[in-house]
Amino acid sequence: MVTKAITAAAVGINSYKIEVEVDVANSLPNISIVGLPDSAVNEARERVHSAIKNSGFSFPIGRVIVNLAPADIRKEGTNFDLPIAIGILKEQGVGIPDDLKTAFLGELSLDGSIRRVNGVLPLVSGLKDSGIETVFVPYENAKEAALVQGIRVFGAKHLGDIVNHFTESPLSETHVNINEYLEKNANTDYTFDFKDVKGQQKAKKALEIAAAGGHNVLMSGSPGSGKTLMAKCLASILPPLELQEALELTKIYSISGLLESDEPLMTKRPYRAVHHTASKNGIIGGGTNPKPGEITLAHRGVLFLDEMAEFQRQVLEVLRQPLEDGEVTISRTKNTIKYPAKFMLIGAMNPCPCGYLGDKEKQCSCMEYQIQRYRSRLSGPLLDRIDLVVNVPRLTTDELINTKTEAEPSEKIRERVIRARKIQAKRYEKEGILTNSELSAKQIKKYCELDNKTADFLKSAAQKYQLSGRKYNRILKISRTVADLAGCENIQLEHISQALQYRVDMD
């Protein structure tokens, strides 16, 4: 008699329902797993055998054949242990009903304990979409699984707990209040605050615009001018996550194994600071079994590249497609996986190799060819995708030692950013986007209309600065954000003027 248990397999941040079929044949005792299992799934044979015996249940005498269907999807990870064990126990007639509306996920210890696994949220979400009504998961993953609405979730600590659920004492269903987790982010204390940044008003305004509209920024200036500090302060003015964004992020971090056990939902926008020695695969993602890279881990948050010109050119060039499309496609011989990558790129660099080109206090010692070679590490197509470029000069002595005047705190800036984001959320509620930076060419025409005077001004600026089509559209997007920060319904001349101050150019 063939028995079945339902589980799921992850492909990227999506998942597919998997049927675990178990049959026992009259032959020499053995366990065979078929259906494209990887090494971790194959090793389940020993874990399942010991877990069943040490939980007080009998193991079939004969050859146990386990088929993971459909067989053309690669099965990875240890979450197949529990459904395989359930299928075998069903074959032994221990009292678990043959219900194909119930699924199982979890890794087994040799003593029958159920260990937490990665990727529970996307797995349960996929199961719910495929019609599954109930799911059993490791106790440590129960709150994460319960984030999926419309499916019953039970957390179990031991294989015997699941058997007892159907025969003696039912487990308690797990419920979570998603809003409680999201509200935690509202009163978060940040280590870095803009009130501690002296001067640099233009750079601060650029970062405020970037936070309000989800734009990319490049800061160029002498060492010690505050570029890195301001990039760290950016996290303190980012708006709280919307529910949709929080669930997207949680899926990514769950798949990557970076989700904290006591925090089942991501409540803060990610801030990923990457060292210039990072590899291309580390940034973009990949590997034999492709995993998310830094750009995906920075989804709906910030990717900070300090000393941007020190990164390998090929590493920087892989950012071009994700910056344009908001997703990254990783192709391998056996499959192609897409990961979301809608992030804000914040770059910081020196104006030249020595770092003092244009500095009022210290003279640059670089030759002209050295400066050109240094700047050429950032290609034209990459710079085309950066919305705001701002020079960050060295602070004057008066600015540096001034202790009487306190700069505007992040809390006040964040309030303006949140108001601007709410305006965008309402405006684009039927468009499927959240910020001005995501506007398509068609949407720009619809939402970035200009009066004749403003349009003529932008036309003359485009001719003067020889703006490409991409730069022209990005100026309009920035102007839309500046208008939103000002609370204006229409883009006006002063909004275009302010956007042009941060035109995408390396002067």
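The values are calculated or read from the model by the stated rules, or taken from the named source; none is laboratory data. Worth saying up front: this structure is predicted, and the values here are computed from it rather than measured. Cβ: placed from backbone, ideal geometry, glycine included. Neighbour counts: every protein chain shown. Heads up: the accessible areas ignore ligands, DNA and RNA and are worked out on the full protein's heavy atoms, side chains in. Shrake-Rupley method; radii C 1.70, N 1.55, O 1.52, S 1.80 Å.
Structure values in brief
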item: Members of region 279-317 that are assigned to a loop (DSSP other than H, G, I, E, B), open to solvent by less than 40 Å² (accessible area, probe 1.4 Å) and within 30 Å of S39 (Cβ to Cβ); result: G287, P290, G293, H299
item: I73 being surrounded by fewer than 19 Cβ atoms within 10 Å (Cβ to Cβ) and either in contact with a strand residue (DSSP E or B) (Cβ under 7 Å, 6 or more places away or on another chain) or modelled with pLDDT under 95 (or both); result: yes
item: Residue in region 362-391 that is farthest from E310 (Cα to Cα), counting only those that are open to solvent by 90 Å² or more (accessible area, probe 1.4 Å) and touching a residue at least 40 places away in the same chain (Cβ under 8 Å); result: K362
item: Considering residues of region 160-213 that are part of a helix (DSSP H, G or I) and hydroxyl-bearing (S, T, Y) only, the residue least open to solvent (accessible area, probe 1.4 Å); result: Y181
item: Test: residue in region 492-502 that is open to solvent by less than 20 Å² (accessible area, probe 1.4 Å), more than 30 Å from K195 (Cα to Cα) and of a type outside the set (S, T, Y); result: no
item: Enumeration of residues in region 22-62 that are touching a residue at least 12 places away in the same chain (Cβ under 8 Å), within 17 Å of G93 (Cα to Cα) and either out of contact with any helix residue (DSSP H, G or I) (no Cβ under 7 Å at 6 or more places or on another chain) or open to solvent by 20 Å² or more (accessible area, probe 1.4 Å) (or both); result: D23, V24, A25, H49, S55, G56, F57, S58, F59, I61, G62
item: Search result, residues across region 319-338 that are of a type outside the set (S, T, N, Q) and open to solvent by 20 Å² or more (accessible area, probe 1.4 Å); result: R320, L323, E324, D325, E327, R332, K334, K338
item: Hits in region 432-491 (condition: of a type in the set (A, V, I, L, M) and surrounded by fewer than 18 Cβ atoms within 10 Å (Cβ to Cβ)); result: A441, I444, A455, A461, A462, A486
item: Hits in region 405-417 - residues which are over 29 Å from G358 (Cβ atoms) and either in a loop (DSSP other than H, G, I, E, B) or open to solvent by less than 40 Å² (accessible area, probe 1.4 Å) (or both); result: P409, R414, V417
item: Residues located in region 108-129, provided they are open to solvent by 20 Å² or more (accessible area, probe 1.4 Å) and farther than 23 Å from A246 by Cβ; result: L110, D111, S113, R115
item: Residue match in region 476-485 (condition: of a type in the set (D, E), under 24 Å from I346 (Cα atoms), assigned to a helix (DSSP H, G or I) and touching a residue at least 24 places away in the same chain (Cβ under 8 Å)); result: yes
